[in-house]
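All remarks here apply to the structure that follows.
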Amino acid sequence: MINYLQPQKNWQMQLSDTINTVDELLTILHLSELATTSYQPKYKSGQFPLRVPRSFVAKMKAGDPLDPLLLQVLPNVQELQQVTGYVADPLAENDHNPQQGIIHKYQSRILITLTSACAIHCRYCFRQHFDYKSNTPKQKHQQQVINYIQSHKKIDEVILSGGDPLSLDNDRLCNWITLLADLPQINTIRLHTRLPVVIPERLDSELLHFLHDINADPNKARIVVVIHCNHANEIDDNTAMYLRRLQLTGVTLLNQAVLLKGVNDTLEAQIQLSKRVFQAGVLPYYLFVLDKVAGASHFDHDEKFAVDLYWQMMEHLSGYLLPKLTKEVANRPFKTPINIYDNKLDDECYLQMP
Ligand code: SF4
C-alpha cells in the first residue's frame, strides 16, 4: 500500500509531488464524505487551485473536518461569495509597483516578488489575485532592480517574497542574496517564507552554510527570515529541528501569523502558537488581522474580536512571546498597530484585586 503521508527527504521532490486535488486530500484524511457537503471537489478555484505538501498534510488530524491546518488549504464554496469590501488587491500593491518585480510602499525598504511559486496555497492569501506573470523578475531584470535600489538612497532593506522565495533553487536564490548583500546601502535582507514550515527539508545544508557565511561577514547585510506559521500544530519535532538549525546560522528568525476564524482564534491557540514557535527558536513578530482579499471573508474577524483576544494574550504571555497586533492599510506608508485601548474602560486595564 502506498503511504501517502511518508515525506520524501529531497525538498525538490516534495515540491513537485504536492497534493493538488480535493479528492486526494480528503481521501487521505478519511474525509471523503465532505466532498458532498459544503466543500466542492469539482470546484475549480481558477488561478489559485488547491496545493499542499504531503508533509504538511501529515500534521493534520485524519477524520477531523475542522482541523486548523486543513481549513487553511481546503477550497471552500464560501470563497465564491462576493462580499462588499473584500477586493482583489486589498493593499493596493498595484499602485506601488514601479517596475517589474518591485513593490515599493515604505521609504526604507522594497519588496521583490522573486517568484509566483508557493509550496502551499493558503486560502486567505492577500496576493492570491496578484498578477505574477508581469511581475516576476527574470535574470535579465536583475540589473534594473539594482539600478532602482541605487537610485533610491533611502532604501536600506530588501524583502524577498513572492510567492515563496525559498521555492527558487539555491543557485538562483543565493545569487539574488549575494547581489543584494554586496550593495553598501543595504543593511538587511529579509526573506518572507512559509517553506521552512511546510517543507522543512528546504533548509538544506547548502542553503544553511550560505546564510551562515553571509551572517558571519560584518561587512555584509544581515539576514532576517520571517516564517509564516498560524498554528502550533504546524511545527512538529522535525520542523522544530530544522528551524533550530536555521537559527544557528545567525539569522534573525521571526514569525508572522494571520488571525483566522476557526483556525487560531482562541486564547489557547495563540498561547500555544507563541510558545511553540519560540521553542523552535523563532520570535513571534506580527499577528495580522486579515487583509480583506476577495474570497477570504469567511476567515475574517472584526477588530473588536482581535482586540479582546489580544488583551487575554497579554495576561498570559511574556512580552517577548507577544506578537504585535497589526493591520495593513492600503496606501499608508507603514504598518498600522491596532489600537487596543479603544473600547476599553481605564478600570479594565488594572488587576482586579480579590
Ligand atoms: S505561502 Fe505565502 S504567498 Fe504563498 S499562498 Fe501562502 S500566504 Fe500566500
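The values are calculated or read from the model by the stated rules, or taken from the named source; none is laboratory data. Keep in mind that this is a model prediction, so the values were computed, not measured. Note that each Cβ is placed from the backbone with ideal geometry, even for glycine, and that neighbours are counted across all protein chains shown.
The residue pairs whose first member lies in region 155-170 and is acidic (D, E), whose second member is part of a loop (DSSP other than H, G, I, E, B) and near the ligand (Cβ under 10 Å from one of its atoms), and whose beta carbons are closer than 6 Å, counting only pairs six or more residues apart or on different chains, are D164/C118; D164/R194.
S134 meets all of the listed conditions (1) at pLDDT below 95; (2) within 13 Å of the ligand (Cβ to nearest atom) but one, namely (2). Taken together, G250, G295 contain a single residue that is over 30 Å from F130 (Cβ atoms) and either touching a His at 6+ places or on another chain (Cβ under 8 Å) or within 16 Å of the ligand (Cβ to nearest atom) (or both), which is G250. Taking region 58-113 as the range and being within 30 Å of L173 (Cβ to Cβ), hydroxyl-bearing (S, T, Y) and surrounded by fewer than 19 Cβ atoms within 10 Å (Cβ to Cβ) as the test, the residues that pass are Y106, S108.
Let's see how each residue does on (1) of a type outside the set (D, E, K, R); (2) touching a residue at least 12 places away in the same chain (Cβ under 8 Å); (3) assigned to a loop (DSSP other than H, G, I, E, B):
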{"position": "D89", "(1), (2), (3)": "no, yes, yes"}
{"position": "D95", "(1), (2), (3)": "no, yes, no"}
{"position": "L111", "(1), (2), (3)": "yes, yes, no"}
{"position": "S116", "(1), (2), (3)": "yes, yes, yes"}
{"position": "N135", "(1), (2), (3)": "yes, yes, yes"}
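Looking only at region 72-81, decide whether some residue is touching a Lys or Arg at 6+ places or on another chain (Cβ under 6 Å) and outside any helix (DSSP H, G or I).
First, pick out the residues of region 72-81 that are touching a Lys or Arg at 6+ places or on another chain (Cβ under 6 Å): none.
No; the residues of region 72-81 include none that is touching a Lys or Arg at 6+ places or on another chain (Cβ under 6 Å) and outside any helix (DSSP H, G or I).
If the condition is being more than 16 Å from the ligand (Cβ to nearest atom) and either crowded, with 21+ Cβ neighbours inside 10 Å or touching a residue at least 60 places away in the same chain (Cβ under 8 Å) (or both), then region 195-210 contributes E201, D204. Of (1) within 18 Å of the chain's Cα centre (by Cα); (2) surrounded by fewer than 17 Cβ atoms within 10 Å (Cβ to Cβ), M241 satisfies all except one. Which? M241 satisfies all of (1) within 18 Å of the chain's Cα centre (by Cα); (2) surrounded by fewer than 17 Cβ atoms within 10 Å (Cβ to Cβ) except (1).
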